[in-house]
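Reviewing the structure listed below.
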Amino acid sequence: AMVIKIIRYFSIIPLGIGLLMLSLLQPPAIVQDLLISLGNRPAMTGRQPMTAHSVTPMQPVPQGIISPPPLHFHQPGDGMPAMPLDIGLMRAAGAVAAQALDLARTLVKVGTTTDAIDEAVHQFIVSQGGYPSPLDYAGFPKSVCTSVNEVVVHGIPDQRPLHNGDIINVDITVYLGGVHADTSATFEVGVVSSEARALIAATRASLTAALAACRPGAPVTDIGKAVQRVADSEGYNTIQTMCGHGIGTEFHGKPSVPLFWPRSWDLSGRLRMHLSSAGKYVLEPGKAYTLEPIFVEGSPYLTTWEDKWTLVTRDKSLSAQFEMTVVVWADEAGGGGCDVVTPFLWEAEESINSGQADPSVIESVDSSSSIDPNGAMDLSSHTEL
């Protein structure tokens, strides 16, 4: 018995040394800030930081519009896997979401308020028989999210007019036929700086890279690695506290989809990703996911406004995001990929006009497929978008 006690006592020593070494591999926050800021663009270029403005009441939903189940409003983000459904329903909901985002794009002009964009998109969605998924989701007061400049996600539409040089992400989700379809894009307001335009272009390119990595059997971490490669090559940072997610009957369902990969100097970050559930799950045929990379000019660390929704970059640097809902497919020959159910319609038109169709813009969906309810993962420290 004494020998066993001695063995147990001394086994604690290497364990303690290992934990100490692991903690040393994770640089303190101040060191991380220094490392990630090297080579980054200036955080502010004469812009005034965003502030909250007055918010009008929620838009009413006409009678006859079917809303999501009660748990959608009271217990969001519970991570339940999507239930079996006809992919044709995903395509129908995605079509309305795509049209709503295209409408929002036409409204992005100097002097337009984000509240006006919210109202117009709301009216369009309900006119198509859909329900705007964000509306009253855990108390969210609007039908879309409008994130301007340094606002990263979950910006609440308000009475602030858009200014020349702003950039704005409009995030739209439609609930129709019992399923959700999610999409977003970042748009220029008036004449923007070359830095803002480059940020938007790089973020859009990262979505194309994520789509290329989306195939049956691929680890979900492949999506994050593809996004991170673009970020590193272009000199931007990704947000490690945000992720994509499964979607369908659930607004935010399992699995979570990482949209980053720890950099080479973040050894403990890489170890945590390998050991986490993120490294254990693959993209499955017939399942729907959101791919939604976010790039920021400066620090990836965020702060939250008093409204408890609006997340902004800590150093007020610009942020951009693009998002599509996709369905993974496979064929009998062992091939496969992903089909976009929320294409960017303006890009599709540009591709048609130029005679060069982009596979990330126009995609077909196999309506005979169905969502598989089995298999899931959880990134409990990450926020699903």
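Side notes on the structure shown:
- Entry comment: accessible area of segment 145-273 is 27 Å² per residue, from protein heavy atoms only and a probe of 1.4 Å.
- Carbon and sulfur %, accessible surface of segment 94-162 computed with the full protein complex present, 1.4 Å: 51 percent
- Of GLU292, GLU250, the residue with the largest accessible area leads and the full order is GLU250, GLU292 (1.4 Å probe).
- Taking all protein chains together and a 1.4 Å probe, the residues LYS109, LYS142, LYS225 rank LYS109, LYS225, LYS142 from largest to smallest accessible area.
- Solvent-accessible surface (1.4 angstrom probe) belonging to TRP329, in square angstrom, nearest 10: 80 Å²
- For the pair SER127 and LYS225, a Förster radius of 35 Å applied to the C-beta separation gives a FRET efficiency near 0.30, rounded to the nearest 0.05.
- Spacing of the modelled spin labels on ARG105 and ALA138, each 7 Å from Cα toward Cβ, amounts to 3.0 nm.
- Here r is the Cβ-Cβ distance between SER194 and LEU71 and R0 is 45 Å; the resulting FRET efficiency, rounded to 0.05, is 0.45.
- Here the accessible area of segment 187-226 is 60 percent carbon and sulfur, with a 1.4 angstrom probe and all protein chains present.
- Cβ charges +1 (Lys, Arg) and -1 (Asp, Glu), total dipole of segment 112-203, debye: 120 debye
- Amide H contacts under 5 Å for CYS145, placed H, 5+ residues apart: ASP171
- Extension gain for ASP331-THR303 works out to 5.6 nm (0.36 nm per residue, less the C-alpha to C-alpha distance).
The values are calculated or read from the model by the stated rules, or taken from the named source; none is laboratory data. Bear in mind the structure is a predicted one, so any value in this text is a computation, not a measurement. When we count neighbours, we look across all protein chains shown, and the Cβ atoms used for this are built from the backbone with ideal geometry, even at glycine. Heavy atoms of the whole protein, side chains included, go into the accessibility calculation; ligands, DNA and RNA do not. Shrake-Rupley method; radii C 1.70, N 1.55, O 1.52, S 1.80 Å.
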